[in-house]
1. By count of other Cβ within 10 Å, fewest leading, how are V176, V57, V146 ordered?
2. At a Förster radius of 22 Å, what calculated FRET efficiency corresponds to the Cβ-Cβ distance of D132 and L44, to the nearest 0.05?
3. Roughly speaking, what is the stretch gain from K175 to R255, that is 0.36 nm per residue apart minus the C-alpha to C-alpha distance, in nm to one decimal?
4. Quick check: pseudo-label points 7 Å beyond the Cα along Cα→Cβ at A273 and K227, how many nm apart are they?
5. Rounded to the nearest 0.05, what FRET efficiency is calculated for K61 and Q32 with R0 set to 25 Å and r the Cβ-Cβ distance?
6. What is the extension gain from E280 to K77, computed as 0.36 nm multiplied by their sequence separation minus the C-alpha to C-alpha distance, in nm to one decimal?
7. In the structure displayed, which of K85/K153; K17/K153; K95/K175; K66/K166 lie more than 20 Å apart, Cα to Cα?
8. Pairs to check: K56/K263; K73/K254; K89/K110; K89/K265. Give those whose C-alpha atoms are more than 22 Å from each other in this structure.
Amino acid sequence: MGREKKDEFGSNWWAQKWNGTLEGFGWSNRLQRGRAYARTGHVLSISLNPGLVEAKVQGSKPKPYKVSIEMDKLSDKEWKAVISKMAEKAIFSAKLLTGEMPENIEEAFKAAGTPLFPTSSKSIRTNCSCPDYANPCKHIAAVYYVIGQEFDKDPFMIFYLRGMGKDDLMESLKKVRNGKPPELKNNMSLEKSALVNESCSENKNSNIDSEDSELFSILKELQEEIKLFEGLDEAIKNMTFCFDSPQVPYSIIKRLGIPPFFKEKDLFKKLMAFYYDKAENKANDLINNLDNPLE
């Protein structure tokens with residue numbers, strides 16, 4: 001029974017960590033009442049934003065109570081330090097890309113001098129429109145557990161609550177891991193892309209921003225290399241190979257999710273896991289048994 005209760009508001013470790021952290025603040029009795037409220041659907045709506053959670057909770061009165069929960073956002077300097085630490089381990093990016101929270105992600109936050117989860121009740125500020133003066137009241141407590149459910153569904157919501165969304169986090173992490181390459185505008189239009197290709201192929205001057213000049217140079221060099229390409233030389237053909245199982249099993253399935261046309265989700269996962277394992281075994285056989293896999 002204990003396991004079922006724990007999974008009810010979070011089956012993943014990061015949601016359980018959130019719930020366990022709150023329960024460790026000495027709020028057990030109040031949280032139990034909130035757990036019952038959350039279980040029976042009293043939390044009518046919830047909105048998570050950077051530093052702020054707002055919700056409506058149905059109490060004994062006809063009009064729902066308004067609940068707000070505030071947490072400090074990380075500063076730009078703190079996020080920069082966290083991302084720098086996260087970039088040191090490739091497994092962090094690999095896990096996050098598949099929608100999983102790395103088990104030791106907290107190490108990056110601790111190393112940067114700021115915790116991911118709240119460390120005391122003082123780091124959370126709450127308010128409820130109900131007349132109960134207890135803090136947390138059962139309405140606030142119910143919202144705490146629903147927040148855990150939201151974290152369980154999407155671990156990036158934890159980062160978002162602390163001030164950084166998924167896209168910004170992954171883009172910043174990518175830049176740091178790639179050695180901070182030149183920034184290119186994400187909203188680069190199709191017309192501008194076409195102009196880049198034209199400039200490279202015809203070596204014309206253009207009115208594109210000077211920050212893209214390096215892109216022109218790179219594309220031009222690539223085109224010249226492709227023209228000179230004559231196939232694999234003997235050194236490449238005689239290369240030795242090794243194969244290691246991926247650190248995150250079935251990462252593509254986890255990242256892309258179940259196709260909407262496939263109704264039986266568990267069957268899809270089992271089938272794909274079977275074929276992924278088969279492909280992995282085949283790769284191992286090729287590497288171990290062939291003298292020259294490229295021939």
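1. In order of increasing Cβ crowding within 10 Å: V176, V146, V57.
2. So the FRET efficiency works out to roughly 0.75.
3. Taking K175 through R255 to full extension adds about 26.8 nm, to one decimal.
4. Result for the modelled spin labels: 5.3 nm.
5. FRET efficiency, K61 to Q32: 0.70.
6. The E280-K77 span can extend by a further 68.9 nm.
7. K85/K153; K66/K166
8. K56/K263; K73/K254; K89/K265
Readers should treat all values here as calculations from the given coordinates under stated rules, not as data from a laboratory. It should be emphasised that the depicted structure is a prediction, and the values quoted were computed from it without experimental measurement. In this analysis, Cβ positions are derived from the backbone assuming ideal geometry, glycine residues included, and neighbour counts consider all displayed protein chains.
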